[in-house]
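Chemist: Sharing a structure below in C-alpha cells format, with a few things to ask.
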Amino acid sequence: SLPTITADVRGRKVYDPRTGVTAYSNNPALCIRDYLTSQRYGRGISQSLIDDASFITAANHCDELVSVPGGTQARYTCDGMVDINSTLFDNTKNLLTSCRGMLIYSGGKYKLAIDKLTASTFDFTESNIVGSWTISQSGRRNRFNRVTAGFYNGSRNWQQDLAISDSSAYRGLDNSLLLESKVDLPYTSDLYKAQQLAGLTLKQSRFGLSVKFTAMQEGLRVEAADVVTITHSTPGWT
C-alpha cells in the first residue's frame, strides 16, 4: 500500500522590520505581525497601521538567549499551524500565547507588548489621583499553585505533551489545597519554553490585587500594558 509520509517543515516566510528582509523565521513577534497583515489568510491590516517600533522591541526580546539544560536557546519561538477555519480573534489569541504577548490598538496603530520585566513609565501620586479608590483581591478561582501547560513536543514527533509548574510553597499557603489551572500553548514546541510559560502564569496568579481610581489628564500618557508605580497615602503604597 502507499506509505504514510510525514515531514518537518519550515513555514511561511515573514517580513522582519528590523532588516527589511522577508525570510523564514519562527520569531513570535514577526509571525504575529505577518498574520495581522496577511491578505490571504490573516486579518489584512494595512502595513501603515502597524506600530513597527513595538514589534521590533518584542522581536528582540523573543530572540534573547536564555539558559536551558545543555546550553542556550531563544527565549520564545512560534512553531505551529494556523487553522484558517478558526476565527481571526482565536488565531491571534493563540499566537500571542507563544510569547505572553498583548495586542494593543492605540494612537491609530496596532502595537505588540510582551508581559516582561520593564521600568515604570509613569508615577501615579497624590498630585494626579483624584476621587475614591476601589481595591480588590482576586479569589481562589484565579489563584493557583500548579499550572499544567499542554503543547506539541517537537522532540517527540510533535505529539501532545504536558509541562507542569508546581509550587509546594504556594500550596502550603493555600492550606494544602491543590489549586490547578490548565493552559494550552498551541504554538510552543519545546519543553523548557512550555515550563517557563507555565511558571510565569503560576507566579502571576499569586499577585491578584486590582486597583481602580480616577486620574487627572496627565494620566492619558499611560496606555494598556504600561508598567507604572503608585505612591499614595490612602493605601499606604510607595
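Chemist: Please tell me if Y110 is under 30 Å from D51 (Cα atoms) and either in contact (Cβ under 8 Å) with a residue 12 or more places away in the chain or part of a loop (DSSP other than H, G, I, E, B) (or both).
Modeler: The answer is yes for Y110.
Chemist: Go through the range 145-166 and give me each residue that's charged (D, E, K, R) and buried (at least 16 other Cβ atoms within 10 Å of the Cβ).
Modeler: Within the range 145-166, R146, D161, D166 meet the criteria.
Chemist: If you don't mind, there's one more thing I want to ask. Do we have any residue at all in the range 49-70 that's small (G, A, S), more than 17 Å from the chain's Cα centre (by Cα) and crowded, with 18+ Cβ neighbours inside 10 Å?
Modeler: The answer is no, given that none of the residues of the range 49-70 is small (G, A, S), more than 17 Å from the chain's Cα centre (by Cα) and crowded, with 18+ Cβ neighbours inside 10 Å.
Chemist: Would you be able to tell me the number of residues in the range 114-163 that are modelled with pLDDT of 95 or more and in contact with a Pro (Cβ under 7 Å, 6 or more places away or on another chain)?
Modeler: Summing the residues that are modelled with pLDDT of 95 or more and in contact with a Pro (Cβ under 7 Å, 6 or more places away or on another chain) in the range 114-163 gives 0.
Chemist: Can you find a residue in the range 118-129 that is assigned to a strand (DSSP E or B), under 24 Å from K193 (Cβ atoms) and under 19 Å from the mean Cα position of the chain (by Cα)?
Modeler: Looking only at the range 118-129, we keep the residues that are assigned to a strand (DSSP E or B), and these are 122-124, 129.
Within this subset, residues satisfying the condition of being under 24 Å from K193 (Cβ atoms) are none.
The answer is no, given that none of the residues of the range 118-129 is assigned to a strand (DSSP E or B), under 24 Å from K193 (Cβ atoms) and under 19 Å from the mean Cα position of the chain (by Cα).
Chemist: While we're here: Kindly indicate whether S210 is open to solvent by 30 Å² or more (accessible area, probe 1.4 Å) and either under 25 Å from L112 (Cβ atoms) or in a helix (DSSP H, G or I) (or both).
Modeler: In short, yes.
Chemist: If you take the residues in the range 79-106 that are part of a loop (DSSP other than H, G, I, E, B) and surrounded by fewer than 10 Cβ atoms within 10 Å (Cβ to Cβ), which one is farthest from the chain's Cα centre (by Cα)?
Modeler: Filtering the range 79-106 for residues that are part of a loop (DSSP other than H, G, I, E, B) and surrounded by fewer than 10 Cβ atoms within 10 Å (Cβ to Cβ), the one farthest from the chain's Cα centre (by Cα) comes out as N85.
Chemist: Which residues, taken from the range 6-46, are among the acidic types (D, E) and surrounded by fewer than 16 Cβ atoms within 10 Å (Cβ to Cβ)?
Modeler: D8
Chemist: Tally the residues that are over 17 Å from T37 (Cβ atoms), at pLDDT 95 or above and charged (D, E, K, R), restricting the search to the range 1-27.
Modeler: Residues in the range 1-27 being over 17 Å from T37 (Cβ atoms), at pLDDT 95 or above and charged (D, E, K, R): 0 in total.
Chemist: Starting from the range 133-144, take each residue that is more than 14 Å from L202 (Cα to Cα) and in contact (Cβ under 8 Å) with a residue 60 or more places away in the chain and list its partners that are open to solvent by 60 Å² or more (accessible area, probe 1.4 Å) and not in a strand (DSSP E or B), counting only C-beta distances under 7 angstrom and pairs at least six apart or across chains.
Modeler: Partner pairs satisfying both residue conditions: W133/T234.
Chemist: Just need a number here: residues in the range 167-199 that are open to solvent by less than 70 Å² (accessible area, probe 1.4 Å) and in a strand (DSSP E or B).
Modeler: 3
Chemist: So which residues in the range 216-231 are at pLDDT 95 or above and surrounded by 15 or more Cβ atoms within 10 Å (Cβ to Cβ)?
Modeler: Residue satisfying the conditions is I230 alone.
Chemist: Can you pull out every residue in the range 68-78 that is touching an Asp or Glu at 6+ places or on another chain (Cβ under 8 Å) and not aliphatic (A, V, I, L, M)? Show your work before the answer.
Modeler: Kept after step one, since they are touching an Asp or Glu at 6+ places or on another chain (Cβ under 8 Å), are these residues of the range 68-78: 73-75, 77.
Answer for the range 68-78, where residues must be touching an Asp or Glu at 6+ places or on another chain (Cβ under 8 Å) and not aliphatic (A, V, I, L, M): Q73, R75, T77.
Chemist: Moving on to the next point. Does S138 count as open to solvent by less than 70 Å² (accessible area, probe 1.4 Å), farther than 30 Å from S46 by Cα and not β-branched (V, I, T)?
Modeler: yes
The values are calculated or read from the model by the stated rules, or taken from the named source; none is laboratory data. Just so we're clear, the structure is a prediction, and the values are computed from it rather than from any experiment. Glycine gets a Cβ as well: all are built from the backbone with ideal geometry, and neighbour counts include every protein chain shown. With ligands, DNA and RNA removed, areas are computed over all heavy atoms of the protein, side chains included. Shrake-Rupley method; radii C 1.70, N 1.55, O 1.52, S 1.80 Å.
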